[in-house]
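Enquirer: Provided herewith is a single structure, encoded as structure tokens, for subsequent inquiry.
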Amino acid sequence: MFLKSIEIKGFKSFADKIELKFKKGITGVVGPNGSGKSNISDAIRWVLGEQSVKSLRGGKMEDVIFSGTEFRKSVGLAQVSLTLDNSKGELPIEYMDVTIGRRLYRSGESEYFINNISCRLKDIHGLFMDTGIGKEGYSIIGQGKIDAILSGKAEDRRSLLEEAAGIVKFKTRRDEAQKKIDSTEQNLIRINDILITYEERLEPLRIDNEKAKEFLQLSSKLKDLEVSLIVKRIASIEKKILNQNINLDRIEKSLSELKKDENSIKEDLIKNESLLEESAIKNKHKEEEYYKLKEVIQSLQAEIGITKERLENSKMTIEVNEENIKGLDKKIEDFKKEKVENEKSLKENKDYEKRLKCEIGMLEEESNLCNSELSNFKLQVSNLRKDAIEILTSQSKLRNNKSKVEIEINSLKEKMQQLHDYCEEYNELLKINRCTGLRITSEKENLVDGTEKLEISIRDNRNKVLFVKNTLNNNEIKLRDIHKNINKLEANKNALINLESNYEGYNKSVKALMIRMKKGDIHGYVDNFWVLGDIIKTNPNYQSAIEIALGAGMSNMVTNTENEAKYLIEYLKNNNLGRATFLPLNIIQGKSIYLDKEVTSIKGYIGIASEIIDFDDKFKNAIEYILGRTIISEDMKSALAIAKRINYKNKIVTLQGEVINTGGALTGGSLYYKNTNIIGRKDEIEKLKLEILEFNKDLEKANEELERCKEEFKTLEENYIKLRENIHWNNIEVAKIDEKILVIDSEKERLTKNILTSKQEIVLIEENIDIKTKELEADIKQILSLDKKEKQCGDRISFLEKEIINKEQGSNVKKEYILDLKVKKAKVDEFIVNILKEVERVYRNLDELKSEILEKKECILLKQQTIVKSEDDIKNLTKKIVENKFIIENLDKAFQSYEIENIKIKSNITNLKSRREQFQLFIQKKEEEKNKVNINKTRIDIEKENLYVGLNNEFNISFVEALDIAKEIEDEDFAKEEVLAIKKEISKLGTINLGSIDEYKDIKEKYTFMNGQKEDLNNARIELKKVIDDMTSKMKNVFSANLKVLNENFNNTFKELFKGGNAALILGDGDELTANIDINVQPPGKKLQNINLMSGGEKVLSAIALLFAILKMKPTPFCILDEIEAALDDANVYKYAEFLKKFSYDIQFIVITHRKGTMESADMLYGVTMEEKGISKIVSVDLSK
């Protein structure tokens, strides 16, 4: 296995795709500092699964993607592919070439591939485990790592040595086993917790289970007894029900007869009652008339009494009212006198009040007139002063406004000019934006069209990739099949050649002679004897038959003379090599049999064995001696026919290997070819060589087709990545253009708005200037007008103030006199009011008295009328009473005759009722008797039904099922006692958990299962511990053995590099797998010292010695060395180069270097340059040509 090639694209400084092809031997990578040489080793480390960004000399993983330069944009992904030759099958994968790929997108997505099939990082690690290849292996030694091997952490050094010792695989498996143990122990803890829980529950459940089972047994026994008792009780109840039904029939019959007699009495009773009722109805009408007349008489008598009482009351009321009228007349006279006096006083005061009022009115008019004039003057003064203030204020405002308007007009004119300038600028910008927008939109459309075309190209590309991938897989499968066939044929050929050269199939003696002859142990007879099997050739169809015919004769030796045969026999005897048969050609007599046509014409006859084979004529006698008397036929049937014909004189062999021996003995059955195809072995070897040649041609064609497919696949993948990148950048450009368009649109909108706003503002400003100019002119006119008004107001105010002073003096004198008059008038007004109230009171009293007298007189008149009417009513009522009394007497006589008739009917009814009551008593007794029987029957039926329900509810069985369960009970009392005893036993059991039976069973099963699981886990843990112990033991043995070998190699390599001295790996105390490994070295002429005390150059040379010691012990398929010899002087560089050359026959080296000595040792050189700043390029030179 070796590294065939590496493809890098978009990784660090390799922006463009580069491919480095490697051959066996040493490949040097050279170039100036910063050109990107070490990026190649970083790429290999990265594709093998490196996750540490620090190891890749970056800050974050995206840093490995080419980030662009001043003149080159960044790419969207980094991709590295590593192709290894696996023709010897060293990697556990069925591919001749293994390609490991890794791809990282700028979005953070990452992909791994094995032969273009997506995989996990774990798969890649597993693929290279214990091969020395990998990010932590010793196949990649980068800058600084060579020194870290020696002076770094002990753990790092140990991991490198463990990889070299080949125990990483065991260690990984041990760690996995340890994880499984940890997991198992956690599971055991969980299972123990579950088992503890189950154990806590099992004992109580066991007790509950036993109680429940005992309860079920007792319940079953109790059920049988209770069911038997119930069945017996039901039988007893059914007998009682039968007796009750007989009694009930007897009672029903007697009851029927009694009810018949009772019904006839009822009929007679109904007849008498109907007669009595008819008589009562007739009498009832007369009684009603009688009582009505009585009521009428009583009401008439009561009405007479009421009328008499009303008459007396009316007379008394008339007398009282007459006396009251006299008193009221006297009061009226008194009020009339008082009225006259009040009216006189009122008249006098009213006249005086009128005179005062007239005088006050005249004075007030004069005063009001004066006040009015005064107020008018004051108002005029006030208004004039306000006008003066307003005039001053207006003047001030107008003057201020005038200044303000002048300023505003100037400002508006300036602003208008500024807006005109802005509009021109905005229009210019709009023109520029329109042009830019059209250009950018055109660019966007081109990009979108380009992206769509790229998307179509990607789809086409993916379809082609799938097709090529399928073709590639088919070619890989075809190639593997061809290799398998070639390997198989090579193996068969080599096996046959080996058999042929070792004379396998011949007897031991012949085999020994032939081998010794080849070695040259037998002198002088090399070309004078042959093995019989070697000199015969025949048709492949006859080979089996000829070999059977020859039998042991296959190993016979043919010699020229008997002397040679004699010598060889002596040689066998002397060397104790066994026995052999020799056929000297000069004395052997061979004779072929003669067969007539009757024999040769038999169907199935093939020929005499000596005649159907090919051989040299000089061997004719020997061949005829062995095969001249043997006949070959097709099958047993034809062989038997031939044997009968020749009377079993000769040996006959069929093509299937069956034999008819001389004399008639038959040999046959399944064949066991001990000496399989000895005769045809050489032919088979030649045939296999031809087949291998054909397959090699096919292999060459398949390889060419595979390489063509790979190239096509690579081309398609590259196109796909380019297309993806182009789409990515197109999308970015489209997004940028969209942003620009948005900015242009928003800018255009803003400019348009600004122009519109500016124009609107200009119009408004012009309007404002006109308004302000007019306003200014108006203000100037108003200021001149207000100046005149101010002077006029001042003159008028002076005149009015003098008039006000004169008027106020005259008005004050009049006001004092009016006030005195008003006081006098108020007193008179008050007196008049009081007199008026008194007069009003007198008039009101007079009216009330007159009204009362009128009412009294009307009342007297009404009462007189009532008296006359009452006397007439009394006479009429007395007459009606006499008439009604006569009718009542006649009715009393009719009542007496009715009573006599009723007594007779009632007597009959009483007798009939008495008889009916007797019958009812009889019937009642019978009914009671019947009810008692029915009640007993119902009670028995209910008892029976309850027993049925009890059977159904308590025992969940029907009566029919109960009859099957029930047993005959002789002593019912004993059975009941037994039931009570069982119930007591059940009661003693306490609370019963019937679910505990199933629960106990379930928990028991789970407990058993968990115990089984626990046992399995314990066994698994023991097994895993055993595996770990075995692994650890094996690791210790392997590590110790390999460390010993490595120590020797290290010491020898150190001596070769340093031209003397000693070096050793010292394993610290403790476990071989955890102890520190120190490195002690002793350069020539120096004391033994720890490597950390050495100079930088010595350290590096020592580390190189250790590296070559590791490679000597366990070569890695390829090794990448990144400037590890940088600290060495020229002499040591040449030593290092010699070692590289020495090891390069078994190991492929890729060395990144600056040193001339290392370059000279290289078979091929790759130069890394930066023609374009920041972009690494590759130049190659094959030095082996």
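Bear in mind these aren't lab numbers, they're just calculated from the coordinates by the rules spelled out. These figures come from a predicted structure and were not determined experimentally. As a convention, Cβ positions derive from the backbone with ideal geometry for all residues, glycine included, and neighbour counts pool all protein chains shown.
Enquirer: Give me, ordered by chain and number, the residues 5 or more places off ILE1150 or on other chains with an amide H under 5 Å from its own placed amide H.
Expert: THR27, CYS1119, ILE1120, LEU1121
Enquirer: Something else now. When DSSP assigns beta bridges and you keep just the ones with both residues in the chain, what percent turn out antiparallel, to the nearest 5?
Expert: Once the DSSP bridges in the chain are tallied, antiparallel ones form about 70 percent.
Enquirer: Sort TRP729, TRP530 by Cβ crowding within 10 Å, fewest neighbours at the top.
Expert: Lowest to highest Cβ neighbour count: TRP729, TRP530.
Enquirer: Okay, helix-only estimate at 222 nm for the chain: each DSSP H run of n ≥ 4 adds -39500 (n - 2.57), divide by all residues, round to 500 deg cm²/dmol; what do you get?
Expert: -26000 deg cm²/dmol
Enquirer: Another question about this same structure. If you plug each phi of the stretch 626-642 into the Karplus form 6.51 cos²θ - 1.76 cosθ + 1.60 with θ = phi - 60°, what whole-Hz ³J(HN,Hα) values come out, in order, with x for Gly and Pro?
Expert: Karplus values, whole Hz, x for Gly and Pro: 8, 10, x, 10, 10, 9, 10, 10, 6, 8, 5, 4, 5, 5, 5, 4, 5.
Enquirer: Also, quick follow-up: Take the residue pairs LYS315/LYS856; LYS1112/LYS1142; LYS294/LYS880; LYS17/LYS722; LYS88/LYS710; LYS315/LYS850 and return only those whose Cα atoms are more than 18 Å apart.
Expert: LYS88/LYS710; LYS315/LYS850
Enquirer: If you don't mind, there's one more thing I want to ask. Just to compare against my own numbers: the Cα pair-distance distribution for the stretch 388-479, 10 Å bins, whole % per bin, please.
Expert: Over the stretch 388-479, the share of Cα pairs per 10 Å bin runs 13, 13, 12, 11, 11, 9, 8, 7, 6, 4, 3, 1, 0 percent.
Enquirer: Over the chain, what is the mean sequence separation of C-alpha contacts under 8 Å (at least six apart), divided by residue count, expressed as relative contact order in percent?
Expert: 27
Enquirer: Give the long-range amide H neighbours of ASN560: residues separated by 5 or more places, or on another chain, with amide H under 5 Å away, using H modelled in the peptide plane at 1.01 Å from N.
Expert: LEU585
Enquirer: So what are the ³J(HN,Hα) numbers for the stretch 1168-1178, from phi and the Karplus equation (6.51, -1.76, 1.60; θ = phi - 60°), rounded to whole Hz, Gly and Pro as x?
Expert: The phi angles translate into 9, 10, 10, 4, 9, 4, x, 10, 7, 10, 10 Hz.
Enquirer: Going out from 0 in 5 Å bins, what whole percent of all Cα-Cα distances in the stretch 833-887 drops into each bin?
Expert: For the stretch 833-887, the binned pair fractions read 4, 14, 12, 9, 9, 9, 7, 7, 6, 6, 5, 4, 3, 2, 2, 1, 0 percent.
Enquirer: So which of LYS23/LYS488; LYS597/LYS620; LYS122/LYS1156; LYS37/LYS1141 end up more than 32 Å apart, counting from Cα to Cα?
Expert: The answer is LYS122/LYS1156.
Enquirer: Just to check I understand the Karplus step: with θ = phi - 60° and J = 6.51 cos²θ - 1.76 cosθ + 1.60, what whole-Hz values come out for the stretch 711-720, glycine and proline as x?
Expert: Once θ is set to phi - 60°, the couplings for the stretch 711-720 become 4, 5, 5, 4, 4, 5, 5, 4, 4, 4 Hz.
Enquirer: What Rg and what Dmax come out for the stretch 506-677 when only alpha-carbon atoms are used, in angstroms?
Expert: Cα only, the stretch 506-677: 17.3, 53 Å (Rg, Dmax).
Enquirer: Can you put PHE959, PHE215 in order, fewest other beta carbons within 10 Å first?
Expert: PHE959, PHE215
Enquirer: Using only the C-alpha atoms of the stretch 704-749, find the volume of their convex hull and express it per residue in Å³.
Expert: 30
Enquirer: Turning to a different aspect of this structure: Tell me, Kirkwood radius of the stretch 215-254 from alpha-carbon pair distances, in Å?
Expert: 12.3
Enquirer: If I compute semi-axes √(5λ) of the Cα gyration tensor in Å from the structure I just sent, which labelled value in (i) 137, 86, 35; (ii) 123, 89, 19; (iii) 132, 39, 23 lines up?
Expert: Checked against the structure: label (i).
Enquirer: Give me LYS788, LYS1034, LYS511 sorted ascending by neighbouring Cβ count inside 10 Å, so fewest comes first.
Expert: Final ranking by Cβ density, sparse to dense: LYS788, LYS1034, LYS511.
Enquirer: Report the dimensions of the stretch 589-726 along its three principal axes from the alpha-carbon atoms, largest first, rounded to Å.
Expert: That gives 95, 35, 30 Å along the principal axes, largest extent first.
Enquirer: For GLU341 paired with GLN792, estimate the spin-label separation in nm (one decimal), with each label point 7 Å from Cα along the Cα-to-Cβ line.
Expert: The modelled label-to-label distance comes out at 7.4 nm.
Enquirer: In the stretch 1143-1182, which trypsin sites (Lys or Arg not before Pro) fall in coil by DSSP and have 11 or fewer other Cβ atoms within 10 Å?
Expert: Passing both the DSSP loop test and the Cβ count: LYS1173.
Enquirer: Can you pull the semi-axes for the stretch 5-67, root of five times each eigenvalue of the Cα gyration tensor, sorted largest first, whole Å?
Expert: Taking √(5λ) for each eigenvalue gives 20, 13, 12 Å, largest first.
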